[in-house]
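Colleague: Please read through the structure below; I'll follow up with questions.
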Amino acid sequence: MALTIQVLGSAAGGGFPQWNCNCPQCLGVRAGTPGFTARTQSSIAVSGDGNSFALINASPDIRAQILANPRLQPGRARRDSAIAGVVLIDSQIDHVTGLLLLRESPQALELYCTARVHEDLTHHFPVIPMLQHYCGVNWHPIAANGSAFQVQGVEGVSFAAVDLQSKAPPYSPHRECPRPGDNIGLVIAGAASGRQIFYAPGLGRIDPPVSAAMAGSHVLLVDGTCWTDDELVRGGFGVQSARDMGHLPQSGAGGLLEMLAPYSDKRRILIHINNTNPILHETGAERAQLAATGIEVAYDGQQIEV
Ligand code: MLT
Ligand code: MN
Ligand code: ZN
């Protein structure tokens with residue numbers, strides 16, 4: 001069977017619509033205006049056989065995401081899950097809070113993350129010590145050096161982490177001085193086909209290791225957070241630029257679209273899209289510009305066969 005990526009949540013932190021946002025786009029979703037589609041927060045699930053899955057990032061929307069994807073809850077036992085393990089690409093709130101919602105697991109959660117992320121989740125947002133009072137956590141350290149690893153129970157899929165230049169979370173003491181392992185991208189490969197996908201929802205810079213990972217992949221599922229660097233500031237939503245938050249904007253010189261141009265032979269899909277991003281207006285000019293270059297926008301429930 002092909003390597004399958006199930007998109008559980010295609011929005012950035014906050015989701016779409018965001019709970020407190022009255023921007024025209026969030027209003028558009030709430031009003032049911034054609035051209036605006038609701039999205040939950042950043043997470044995918046990966047399988048090599050369609051039966052057992054690695055959850056990549058555990059979003060605060062995980063409960064709704066499992067409900068929307070019945071394959072994640074098979075009926076082999078009174079209490080059951082197809083999620084064999086959880087892989088984290090950083091320690092951001094939108095990627096880890098869902099761990100708390102998995103606390104009813106009858107076994108310890110099998111958690112794959114770097115030492116840096118483990119440190120944040122032990123000392124600064126102590127989800128791991130908290131879970132020791134519920135199901136417990138069995139940590140599998142992953143190195144951000146490109147060496148391959150497997151998620152136990154997820155057959156036919158291999159993973160490798162690529163260290164990324166991005167940002168540690170706002171709560172981390174290393175927000176402004178990120179260390180190797182604070183942010184990773186994942187090269188996910190199907191053992192049978194040898195085909196691979198590069199997944200990086202938080203991409204601050206395209207440096208040589210990232211280019212190499214992209215060049216060797218067949219599908220690029222990458223950071224769609226902001227269209228312009230100053231989108232949040234100009235819209236009156238915040239004071240930080242996309243780059244301040246560790247996200248390369250799509251438009252403009254040195255932006256992600258320019259960086260993706262050499263890879264037009266590959267399937268290129270944007271994910272982790274902020275509610276301020278005009279590409280969420282499905283009939284808008286920015287979305288048309290993307291379509292003209294062959295770049296797709298991920299949606300909740302999308303299944304990507306690699
Ligand atoms: C980010 O990727 O920068 C996050 O979505 C921020 C957050 O979760 O608040
Ligand atoms: Mn995020
Ligand atoms: Zn909004």
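The values are calculated or read from the model by the stated rules, or taken from the named source; none is laboratory data. Predicted model only: the values in this text are computed from it and were never measured. Neighbour counts run over all protein chains shown; Cβ positions are idealised from the backbone, glycine included. Surface accessibility is based on the protein's heavy atoms, side chains included, excluding ligands, DNA and RNA. Shrake-Rupley method; radii C 1.70, N 1.55, O 1.52, S 1.80 Å.
Colleague: Helix-only mean residue ellipticity at 222 nm, the chain, DSSP H runs n ≥ 4 weighted -39,500 (n - 2.57), per residue, nearest 500. What is it? Show your work: numbers first, answer last.
Modeller: Values: 9 runs with 54 residues, N = 306.
Per the formula, -4000 deg cm²/dmol.
Colleague: Please compute the net charge surrounding Ala68, taking Lys and Arg as +1 and Asp and Glu as -1 over other residues with Cβ under 15 Å from its Cβ. Write out the running numbers ahead of the final one.
Modeller: Working: positive: Arg39, Arg63, Arg71; negative: Asp61, Asp300.
Counting the neighbours of Ala68, the net charge comes to +1.
Colleague: Considering only Ser81, Ala31, Leu164, whose Cα is most displaced toward the positive end of the charge dipole of segment 4-305, charges sitting on Cβ of Lys, Arg (+1) and Asp, Glu (-1)?
Modeller: Ser81
Colleague: In angstroms, what radius of gyration and Dmax does the chain have, counting Cα atoms only?
Modeller: Over the chain's Cα set, Rg and Dmax evaluate to 18.1, 55 Å.
Colleague: Multiply the residue gap between Arg267 and Thr33 by 0.36 nm, knock off their C-alpha separation, and tell me the result in nm, one decimal place.
Modeller: 81.4 nm
Colleague: Mind listing the phi-derived Karplus ³J(HN,Hα) values for segment 50-61, rounded to whole Hz, using 6.51, -1.76 and 1.60 with θ = phi - 60°, and x for any glycine or proline?
Modeller: Using θ = phi - 60°, the values come out as x, 10, 10, 10, 9, 8, 9, 6, 10, 8, x, 9 Hz.
Colleague: On average, how much accessible surface per residue is there in the chain, in Å², for a 1.4 Å probe, leaving out ligands, DNA and RNA? Show your work: numbers first, answer last.
Modeller: Values: 12530 Å² over 306 residues.
On a per-residue basis, 41 Å².
Colleague: Taking chymotrypsin sites (Phe, Trp or Tyr not before Pro) that fall in a DSSP loop and have at most 12 other Cβ atoms within 10 Å as cut points, what is the longest piece of the chain between them?
Modeller: Working: sites that count: Trp19, Tyr171.
Longest run free of exposed loop sites: 20-170.
Colleague: Assign unit charges at the C-beta atoms only (+1 for Lys and Arg, -1 for Asp and Glu), then state the dipole size of the chain relative to its Cα centre in Debye, rounded to the nearest 20. Before the final figure, lay out the partial values.
Modeller: Working: 20 positive and 26 negative charges, 97 e Å.
Computed charge dipole of the chain: roughly 460 debye.
Colleague: On to the next question. Report the relative contact order of the chain, percent, no decimals, based on alpha-carbon pairs under 8 angstrom and at least 6 residues apart.
Modeller: Values: 715 pairs, mean separation 60.9, N = 306.
This gives 20 percent for the chain.
Colleague: Still on this model: Which is the longest stretch in the chain that no exposed loop site breaks, taking sites as GluC sites (Glu not before Pro) with a DSSP loop state and at most 11 other Cβ atoms within 10 Å? Before the final figure, lay out the partial values.
Modeller: Details: sites that count: Glu104, Glu176.
For GluC sites (Glu not before Pro) (loop position, at most 11 other Cβ atoms within 10 Å), the longest site-free span of the chain is 177-306.
Colleague: Calculate the spin-label point distance for Gln107 paired with Tyr299, positioning each point 7 Å from the Cα along the beta-carbon direction, and give it in nanometres.
Modeller: 3.6
Colleague: Among residues other than Cys135 whose Cβ falls under 12 Å from its Cβ, what is the net charge (Lys/Arg +1, Asp/Glu -1)?
Modeller: 0
Colleague: Computing the accessible area with a 1.4 Å probe over protein heavy atoms, can you report the carbon and sulfur percentage for segment 4-305? Could you put the intermediate results ahead of the total?
Modeller: Working: 6690 of 12340 Å².
Exposed carbon and sulfur together represent 54 percent of the surface.
Colleague: Search the structure for amide H atoms under 5 Å from the amide H of Asn138, placed 1.01 Å from N in the peptide plane, and list their residues when 5 or more places away or on another chain.
Modeller: Placed amide hydrogens put Leu109, Glu110, Leu111 under 5 Å from Asn138.
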